[in-house]
Amino acid sequence: MTSWNPFPWRAWAIAWALVCHAVLAAPRAARLPNIVVVFCDDLGWGDLGCQGAQGIRTPHLDRMAREGTRFTRFYVAQAVCSASRTALLTGCYPNRVGIHGALGPKQPIGLHPDETTLAEVLKGRGYATAIVGKWHLGRPAPLLPTRQGFDEYLGLPYSNDMWPSHPTAPRNTYPPLPLMDGERVIEEMPDQSRLTRRYTDRAVDFIRRNASRPFFLYLAHSMPHVPLFAGKDFKGRSGRGTFGDVIEEIDASVGAVLGELRRQGIDQETLVVFTSDNGPWLSYGNHAGSAGPFREGKGTSFEGGIRVPCIVRWPGRIPAGRVTDDPWMTIDVLPTVAGLVGAPLHGRKIDGRDVWPLIEGRAGASNPHPAYFIYYNVGELQAVIAGRWKLFLPHRSQTLGGRSGGTNGVPASYRPMRVGLELYDLGSDPGESRDVSGANPGVVREMLRHAEAARGDLGDALTGRVGVGTRPVGRAD
Ligand code: MG
């Protein structure tokens, strides 16, 4: 008999070791990350401590920035409430889906139910979803967030100044302000000094209830949109009056949300984005924020209107303490998150792109958009941004013209301002002070080509173009 041949045993042993190694070394089926988006209303670029605010302390946001990445050139698609929220939640330019400006409470329109929201994308991957705060994409029941992928909703269905106490609107313009839970009005004319606290409590409660499964929390603060109200613990605390008090309360709210993530042990599994729907509403003077070094504010396509604070934090996945002026826009949030969680995006065309390499700071990552398009005023294409360049198309805008704005909740009126065909080099002139179109005819031509492409697809009220790629607004009449 031949002696026992040890070879097969050795082979089996090696094979077994390889299998064990593979099993142990393979990444465990990674849990889908929680997504938290904190979206302030009318918070300016310059209203955070870490971005130079005077008299306002934001220790929690400053810490969030140290633990994450601060994007100093982050844009909204349009410098006003409903249109801006549309871009964030659908990944589309507002023009594509027929939402312009700010919807009034009595309008029978809103985001079309057939559009796919970020909440629906995540729900398709098994997420629990909640919106806490301001919706403003349609007041009628068929257009509420509960019909757009959100499991739960606590908040105001539109702006907090759309109420009978509006300082300049004619009487009877607005019905009593409703606070909603789900699709039910639970209070009329709620005490606005308790809003931020109530939103925060609900947000923390939602995190606690869903800590063991993937969740999406959209915390859309009503503040610091006028009328300003700070909670009793924050009144008189800041060095910047009621406006500063309100920001310090929002900062504390961010602290509470981040604190709950830590308490639940899900810090490392949660992507948190903090930003704003548009820049400061400057006509409100001491009740408005600051655009920092940027020109103009809300309601204009200047940098002060569309460039907003943006801090993104995900310990272990996003570099800590990084500050970058790599540009991106709210339209990119949906496709980026969809990419992160492996959700397919099929069907309807969207405008945003997956910019995750940019966000995680991958070497050599660059923005994939040839250009960004800034619309305002019922679908006017007012500006094109490509790299360091920004081209304004001739349009009517508004300005305080150096005046300081109103006081204590009563606005000053803007003056009309004509904007011509103007080119700014945001790299050397972020304050948009020197029109360099004359010296750069080639750049102007190239930017006009981008504009023409956008007009064909998305339309343009300034030139009367109807875009072939636009879709209908949602209607509930
Ligand atoms: Mg706003």
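Listing for the model above:
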quantity	calculated
The stretch 34-369 - accessible surface per residue (Å², probe 1.4 Å)	32
Within the stretch 373-475: Cβ-based charge dipole about Cα centre, in debye rounded to nearest 20 (Lys, Arg +1; Asp, Glu -1)	300
Accessible area of the stretch 373-475 divided out per residue, in Å², using a probe of 1.4 angstrom	48
Sorted largest first, extent of the chain alpha carbons per principal axis (Å)	106, 56, 47
Sequence ranges 368-377, 219-228, ranked by mean other-Cβ count within 10 angstrom, highest first	219-228, 368-377
Under 15 Å from the Cα of Lys106 - aspartates and glutamates, other chains or at least 8 residues apart	Asp161, Asp477
Residues of type lysines that Lys390 reaches as a straight line, Cα spacing below 18 Å, ignoring anything fewer than 8 places off in the same chain	Lys298
Label point distance in nm, Asp114-Asn440, each placed 7 Å from Cα along Cα→Cβ	4.0
Electrostatic dipole magnitude of the chain [Cβ: Lys, Arg +1; Asp, Glu -1; Cα centre; debye, to 20]	460
Integer Hz, Karplus 6.51/-1.76/1.60 couplings in order for the stretch 463-472, x for Gly and Pro	10, x, 7, 9, x, 6, x, 8, 10, x
Chain lengthening between Asn172 and Ser404 when straightened (0.36 nm per residue, less Cα-Cα)	80.6 nm
Formal net charge of residues neighbouring Ala291 (Cβ-Cβ distance under 12 Å; K, R +1; D, E -1)	-2
Extension gain (nm, one decimal) between Ser428 and Arg263, 0.36 nm per residue minus Cα-Cα	55.0 nm
Where Leu345, Leu426 fall by accessible area, highest first, once all protein chains stay in place (1.4 Å)	Leu345, Leu426
Protein accessible area in the stretch 34-369, 1.4 Å probe - carbon and sulfur %	48
Segments 441-454, 41-54, 154-167, 74-87 sorted - mean Cβ within 10 Å per residue, highest first	74-87, 41-54, 154-167, 441-454
With DNA, RNA and ligands ignored, accessible area of Glu432 (1.4 Å probe; Å², nearest 10)	0
Environment charge at His225 (Cβ cut-off 14 Å; Lys +1, Arg +1, Asp -1, Glu -1)	-3
Among Trp328, Val76, Thr196 - extreme Cα towards positive end, dipole of the chain, charges at beta-carbon	Trp328
List His136, His346, ordered by accessible area with a 1.4 Å probe, largest first	His346, His136
Bridge type composition, the chain - antiparallel percent by DSSP, nearest 5	55
Extension gain, Leu345 back to Asn286 (0.36 nm per residue minus Cα-Cα distance, nm)	16.9 nm
Relative contact order for the stretch 373-475, counting Cα pairs under 8 Å that sit 6 or more residues apart, in percent	24
Where trypsin sites (Lys or Arg not before Pro) fall in DSSP loop in the stretch 187-229, at most 16 other Cβ within 10 Å	none
Taking the chain and dividing mean pair separation by its residue count, relative contact order in percent (alpha carbons under 8 Å, at least six apart)	23
Rel. contact order, % - alpha carbon contacts under 8 angstrom, at least six apart, the stretch 248-334	25
Gap separating the Cα centres of the stretch 148-175 and the stretch 231-268, nearest whole Å	24
Residue-by-residue Karplus 3J(HN,Hα) for the stretch 448-453, coefficients 6.51, -1.76, 1.60, Hz, glycine and proline x	5, 5, 4, 4, 5, 4
Normalised convex hull volume, the stretch 373-475, alpha-carbon set, Å³ per residue	147
Neighbour net charge for Leu400 - beta-carbon separation under 14 angstrom, K R +1, D E -1	+3
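The values are calculated or read from the model by the stated rules, or taken from the named source; none is laboratory data. On a predicted model such as this, the values are computed, not experimentally measured, just so you know. Note that each Cβ is placed from the backbone with ideal geometry, even for glycine, and that neighbours are counted across all protein chains shown. For the accessible areas, the whole protein counts, side chains as well, though only heavy atoms, and no ligand, DNA or RNA atoms are used. Shrake-Rupley method; radii C 1.70, N 1.55, O 1.52, S 1.80 Å.
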